[in-house]
Each structure stands twice: as structure tokens, then as C-alpha cells.
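The values are calculated or read from the model by the stated rules, or taken from the named source; none is laboratory data. Since we're looking at a predicted model, the values are computed, not measured. Quick reminder, even Gly has a Cβ in these numbers, built from the backbone with ideal geometry, and neighbours come from all protein chains shown. The protein model used for the area step is the full one, side chains on, heavy atoms only, and it has no ligands, DNA or RNA in it. Shrake-Rupley method; radii C 1.70, N 1.55, O 1.52, S 1.80 Å.
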Amino acid sequence: MLHFSSEKREKCMTATFWDRAAAWGYDFFSFQLAYTLVSFTLPDNFFVSFVFFLVFLGLYFFYNAHFESKYGTTLGKFAVGIAVVDGNNKELSFAKSLERQLVACLSWATLNIGHVMGLYRSDKKMLHDMLSGTKVVKKEVDISFMPYLSPAQNQKLKILSFAMQALVVLTTTYFATVKMMHMMDTIYQNAAGV
């Protein structure tokens, strides 16, 4: 849960574009690894792959909405030290967080112009922040399911999280490369009539 004193609510520092990019990378690549691993078990069928993609996208939206509404942060945001709040620095409801996730599709649909806006705006808000009335702030997050962590342990957890992110990126890259090579081999064999 987020715990702000009234003084801290006024002094919340807005998270930078790069803080948010790092947090997104952690969350997204963790999901991407799971998606890639499970996709190897699927038949080569467009419909099955498309349905699987939609299910995973729904799970990704639910993951973000659940963690942001319950804890104020996702695991990636926790690792970076940022949290999502409404315009008054208060916790988001599940519905508000889900709305934020759905509106974020517009930031993607603009070929990431909606995201890049955060680099140039003085308030560092991206398109989906403006449309959903939320903001992302730097802060220490009190995670109620980990009350036993000291500041030193918290720092170690952040380092471990970044190391895991690097492992996820490398593993995903490896499996994606293997899958691509398999697909190219199949295309070549079909073209050669083998």
C-alpha cells in the first residue's frame, strides 16, 4: 500500500521517462519470456496464436491494474522506485488503473509518440497519464506483503530485480532467435519443395 504523509503528498517528485522505461522493460520482458516459452508449445496455427496473444495481453493488463491498485506499483516499478497515483497523489482504484492500462493503448497506437511526450513535457506526463488523470512519481513504496525488508535488503532486491531483467532479456532473445531460425527453415523447406 502507498503511505504518504500530507507533507509528502505535496513533495512527490515525478518519475522521469527513463525511470518509467526501465520499469516497463522489467514488467514487459518478464511477460515476454513467459509468452515466448509457452508459445513454443502451441501449434503453428494463426488463430491459436492470435487467441493466445489476446489472452496474454489481457493478463498483462490485469497484472498492471491489480498491482497498481493494490500496492501502487508493479514489480518493475517497485524495482525502479516509482509508483502510480491519481492527480491528488492518492491510490488508484482497480477500475481507474484498468482504465489507465486501456488508454495506454493510445500511446502505443501513436507509434510511441504518446510515450515520448513524457520526455518533453515539464510535468513528464505521457498521453495515457493525461487522459486517465494519473501520474507516476518517485517514492519509496511500502509493500505490505514484504514488511520485513530493511533498506539494505530493499536495495539488494532492486539489484536482483535488474539482474533478473537482464537474464529475461537474454533468455527471450535466445528463444526468439531459435523460433525465428525454425520459422525461416520451415519457409525455406516449403519454398524448396522439400
| request: Search the stretch 34-49 for residues being under 16 Å from Phe175 (Cβ atoms) and β-branched (Val, Ile, Thr), and hand back the single one that is surrounded by the most Cβ atoms within 10 Å (Cβ to Cβ). | output: Thr36
| Count - residues of the stretch 73-114 that are on the phi < 0 side of the Ramachandran plot, open to solvent by 30 Å² or more (accessible area, probe 1.4 Å) and not aliphatic (A, V, I, L, M) | 12
| task | Could you identify the single residue in Lys90, Lys77, Lys135, Lys125 that is part of a loop (DSSP other than H, G, I, E, B) and closer than 19 Å to Trp24 by Cβ? | result | Lys125
| query | So which of Lys124, Lys135, Lys158 ends up being among the basic types (Lys, Arg), modelled with pLDDT under 75 and touching a helix residue (DSSP H, G or I) at 6+ places or on another chain (Cβ under 6 Å)? | reply | Lys158
| said: Show the residue pairs meeting these rules: Cβ distance below 9 Å; 6+ apart or different chains; first residue within the stretch 44-64 and more than 19 Å from Ser97 (Cα to Cα) and free of Cβ contacts under 8 Å to residues at least 40 places away in the same chain; second residue open to solvent by 50 Å² or more (accessible area, probe 1.4 Å) and part of a loop (DSSP other than H, G, I, E, B). | reply: Ser49/Pro43
| task | Please list, ordered by first then second residue, the pairs with beta carbon atoms under 6 Å, 6 or more apart or interchain, first in the stretch 105-123 and closer than 15 Å to Arg20 by Cα, second basic (Lys, Arg). | result | Gly118/Lys124
| field | Test: residue in the stretch 165-184 that is closer than 26 Å to Met13 by Cβ, open to solvent by less than 80 Å² (accessible area, probe 1.4 Å) and either at pLDDT 90 or above or not aromatic (Phe, Trp, Tyr) (or both) | value | yes
| Using beta carbons and a limit of 6 Å, which pairs, at least six apart or on different chains, have the first residue in the stretch 21-38 and within 13 Å of Ala166 (Cα to Cα) and the second one open to solvent by 40 Å² or more (accessible area, probe 1.4 Å) and of a type outside the set (S, T, N, Q)? | Phe29/Val169
